[in-house]
Amino acid sequence: MSRWRYFFRRLLLSIPVVLFGLTITFVIVRMGPIDPVAAIIGPEGGAANRARIEQRLGLNEPLWRQYIDFIVGMLTLNLGQSWVIQPSTSVGELLTTYAPRTLWLGFWSVLIAIFVGVPLGFYAGLNPNTGGDYLASFGGIVWRAMPNFWLAIIFLAVLRQSEKFFFGIDWNTIGVTVPGLIGQPPLNFIAVTDWVSLGALSIPIGFYFSPITLAASIKQILPPAVVLGSAAMGNEMRIGRTAVLETINSNYVETAKAKGLRSRAIVWKHVFRNALVPLVPIITNEAFILIGGSVIVEVIFGINGIGYLFYQASIQGDLPLVGSLMFVFIILIVSVNIIQDFLYTILDPRVGYE
Amino acid sequence: MPYEHLVSVEMANEIDKSRRTFLKAAGAGAAMATVAGCISGDNPNEGDSENVLNTINSTVTSLDPIQSTDTASGEVIKQIYEGLTYFENGETTVENLLAEEVDISDDLLTYTFTLKEATYHNGSELTADDFVFAFRRLAESEHSERSNFLLEGTMLNVEHETNGDDELVADSIGVEAVDDRTLEIRLETPNPNALELLAYDSFVALPEGIVGDIEGYDGEYDQSELASSEPVGTGPFQFETWESNAEVEVSTFEDYHGSVANINGVHWQIIEDDSARFTYAMNENADFFRIPTSEYDADLVDAETDDLGREIGTYGPVENGEELDYVGVPQLSTYYFAFNATAVPRPVRQAVAHVLNREDLVQEIFQGRGEEAYTFTPPGAFPGGAERREEFIQDYPYGMNESQRDTAEELLADAGYTKDDPFEMTLTTYESEVFQEAGRNLRDRLDGIGVSLQLEETPFSTLQERGENGNLDFFSLGWTWSWPAADYGMFGFEPENTDTSRMPTETNGYYLDWHAEDSDASRKAQEAWEQVEANPEPEEGQEARNEAYIEMEEAIWDDAIMLPLYHDTREQFAYDHVDIEPFGAMGDYQQRYNSVTLE
């Protein structure tokens, strides 16, 4: 099978996946017990209002027609307007408002977990059964065991009284001043101020960048990111330690030692790179979970991002919003899968098409 | 995206083992790539926040007054828009706002309003036609979610015509501009609470023709713009920004017809979580706020009752050392447990009523932030006044402030339910820790005497849907009075109106199926409601209606069809530098902030 045929087949196969995902979403939202009209008008509504809202949203149509309208709308990227969460607002607008908050949080929670968890794990693995190892391992287990919702509340309680706990150091004013612990981090540290058009193509030529806002933004996202990444950090630490231990006891390391290689070279060149292999799927997997599963942390820190939006839309039966979010998630996963498969075949000749 | 790089270096060895997981995870990298794209769209300029009042709000859904149905949106709308009447500071007496004077005809059907001179935020002048436009939108627009407030019999009941299909005829409502400054409203039937009703958010003025969602107008803006970015009213503050689920800001309108605000604007941070709200407040990011029950300590309150029944004083010191100004006000609301009569037999309902101890509940779960409810109607709206209620509840048949387990056990045993063969039912509450806690409390008290209670939690919308389908045995809900009168709320108890098989189109009562109960109490309630309907005159009929309402309250007791739990007490805490009027029983969200000063 040629590369292009393989690629084309993958593309075709993804269509039923998307349709299936959207169908399931529709079934759960529209055929389950959730009534969007009730969520909109509340207990004081009145029958005439109900009828009118049902008509406006098209809920009085037969279910099969609603289904077709929904699928056609999604597939033609006509995402529609939110029903309940913010009626009359286009779904696209809501997505662009909410997504950056979550992505910023997810990005830092992944990054912090990697840069703390992995080095700690490697340190523990390179110095097994020492005091440092015990401390790091024990810390890792405890850290891993603390649930997010609890940790988040403790973080808030401690940091908002930081003067009491940290000898007069006020969290809000140390370093960059942030307004407080709660709320969305300012994401306007970079902006395009000028565009130039080349035919149909617009190219940004003027940029605005504020390092202070960036610093404030990072500081603001730090506590929630540490909380969200806490489990991942513990995981990475534990697995990093095991991986290093396994590698360091393998024969080729022995050989390298016998060859008289310096231990620094052994660690960096042989142990480090090989120990990363089992960590990679862990890290990448966690990254995806973190970005999707940040609802609790988002709510407790008042960030209200895409996880929160998805949750609210689901429980209130806001079909266009739930559907669009699901659609985005599905498309994202499917297309990345295809691209990765495709890249594999280019990068690694051992991966076949059969 | 450092790990992407690492992956490509190390991939070859582990391909078979980790390929699937890696492919799945790579989505994260792609998602992050979009970050940069979104960020660059933002505007680098931030406004000045000097002398701006900061507070906290819940999720705002829409700033279109006919579309908003929640108090969070209502709080913002009240700053921007104005109606004919209002409840100043949320107190219970209705006062004129855009109306200068009101003339009511002898038959109580025609209201003639003379309007004040007022300017909109866009510079145009208020005219009577604006109200006609606004009321027509409320009645006719497809975006209206409160047309029943204008048209239905139990509400304002404005004159209107319907065609053969029972649809409203465009431009047929009895609201007319006599001249620029005179507005006439004609009702089908007299309504004793018409002026109170007109204070509701949906009845506010907006410039004629600003949107085109009713016949005869093209509209300057789309309805979606009006709802999110272009609200124009005559209120003391004009709209600045609204970022969904993040913040809303309004600024002072200098040409306001009343007293122009001393502050430069109001900023609401939108926060849903209790500990987040408390942290925001303790960081002094908010000037005034509420304190969640988990952080609340009743011993810190030092307050005295004023002539409106409000507790006014101080609270503190709180954890940041500050002493806060305190206002606590009993609200016109009732939270209750109720039964579906067909699902739960009368002896079981009465047994539950016997074991329920409201004082325990209010003290333990709400830290005393509420008043025990023995009647559905709260003291502030009770027929004949709060004293009459005091007298009435002396006869409460199931034991006040005590849990009568023995009596309950006897009742259940007589009905054939015992410890070994208990009656099984499920209590469904909406997502609220408070009701779940109350449910656990009740379950423990019923355990071992013949009722096995399961607890279940569901989103509000699901609860409502299931209630309308008659699928709730035992459930929790609440009712808030939109104006301070017993007339509002009792219609839901008319047994025929609680028939869930005809909901929501033909009936709109509480989810009780009380009509199916063959009992004296059920018949008594039906007769009492018929007495209410036979006496619609605002003044002369009041006493007859009051009698009937009290009979209905008695019937509710006899059949134990609903167990009122508590009336909410709303509290507001403010830092010393804020000077804000105490609010009243209609709720703090009714308050307008143009008289607030910040030091």
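Just so you know, all these numbers are worked out from the coordinates, no wet-lab data involved. Since this is a predicted model, take the numbers as computed values, not measurements. All Cβ positions, even for glycine, are placed from backbone atoms using ideal geometry, and neighbour counts span all protein chains on display.
For the range A:157-281, the alpha-carbon radius of gyration amounts to 1.71 times the rule-of-thumb value 2.2 N^0.38 Å expected for a compact globular protein.
Going by neighbour counts of Cβ atoms within 10 Å, the residues B:MET282, B:MET552 line up, fewest first, as B:MET282, B:MET552. In sequence order, the range A:232-240 has phi-based couplings of 4, 4, x, 4, 5, 4, 5, 6, x Hz under the Karplus curve 6.51 cos²θ - 1.76 cosθ + 1.60, θ = phi - 60°, and Gly or Pro positions carry x.
Residues in the range B:578-588 carry Karplus couplings, in order, of 9, 10, 10, 5, x, 9, x, 5, 7, x, 5 Hz; the curve used is 6.51 cos²θ - 1.76 cosθ + 1.60 with θ = phi - 60°, and Gly or Pro positions show x. Dividing the summed -39500 (n - 2.57) terms of all DSSP H runs of n ≥ 4 by the residue count of the protein assembly as shown sets its mean residue ellipticity at 222 nm at -13500 deg cm²/dmol. Under the definition of Cα pairs under 8 Å and six or more residues apart, what whole-number percent is the relative contact order of chain A? Computed over chain A, the figure is 30 percent. When DSSP beta bridges are restricted to pairs lying wholly in the protein assembly as shown, around 80% turn out antiparallel. Each 10 Å bin from 0 upward holds the following percent of the Cα-Cα pairs of the range B:349-493: 11, 33, 39, 17, 1.
Stokes-Einstein, applied to the Kirkwood radius of chain A over Cα pairs at a viscosity of 0.692 mPa s and 37 °C, places its translational diffusion at 135 µm² s⁻¹. As a length-normalised measure over Cα pairs under 8 Å and 6 or more apart, the relative contact order of chain B settles at 17 percent. Restrict the search to the range B:448-556; then list the GluC sites (Glu not before Pro) that DSSP places in a loop and that have at most 12 other Cβ atoms within 10 Å of their Cβ. Of the GluC sites (Glu not before Pro), the ones in loops of the range B:448-556 whose Cβ has at most 12 other Cβ atoms within 10 Å are B:GLU506, B:GLU539, B:GLU540.
Roughly what % of Cα-Cα distances in the range A:30-104 sit above 15 Å, to the whole percent?
Distances greater than 15 Å cover 65 percent of the Cα pairs.
With a ≥ b ≥ c the root eigenvalues of the C-alpha gyration tensor of the range B:476-599, is it rounded (a/c under 1.5), prolate (a/b larger than b/c) or oblate? Prolate shape, in that a/c is at least 1.5 and a/b is the bigger ratio. Residue by residue along B:163-173, Cβ atoms of other protein chains within 10 Å of the local Cβ number 1 on average.
The GNM of chain A, with springs linking C-alpha atoms under 10 angstrom apart, assigns the highest mean-square fluctuation among A:PRO185, A:PRO87, A:PRO62 to A:PRO62. Electrostatic tally near B:ASN401: other residues with Cβ closer than 9 Å to its Cβ, Lys and Arg +1, Asp and Glu -1, net -3. Size of the range B:347-387 from its Cα atoms: along the principal axes, largest to smallest, the extents are 31, 29, 12 Å. By the count of neighbouring beta-carbon atoms within 10 Å, fewest first, A:LEU105, A:LEU19, B:LEU195 end up ordered A:LEU19, B:LEU195, A:LEU105. Considering only A:VAL91, A:VAL72, A:VAL178, the Gaussian network model of chain A with Cα springs below 10 Å gives its largest mean-square fluctuation to A:VAL72.
Of the residues B:GLU284, B:GLU161, the one with the fewest other Cβ atoms within 10 Å heads the list, and the complete ranking is B:GLU161, B:GLU284. Size descriptor for the range B:120-217, Kirkwood hydrodynamic radius: 13.9 Å (Cα pairs only, one decimal).
Each eigenvalue of the Cα gyration tensor of the range B:282-358, multiplied by 5 and square-rooted, gives one semi-axis; in descending order these are 38, 15, 12 Å. Among A:VAL196, A:VAL271, A:VAL334, the residue with the largest mean-square fluctuation in a Gaussian network model of chain A, with springs joining Cα atoms closer than 10 Å, is A:VAL196. Computed over Cα pairs, the Kirkwood radius of the protein assembly as shown leads via Stokes-Einstein (1.567 mPa s, 4 °C) to a diffusion coefficient of 41 µm² per second. For chain B, the spread of Cα coordinates along the three principal axes comes to 87, 74, 57 Å, biggest extent given first. The ellipsoid equivalent to the alpha-carbon distribution of the range B:216-352 has semi-axes of 36, 28, 18 angstrom, derived from the gyration tensor eigenvalues as √(5λ) and listed largest first.
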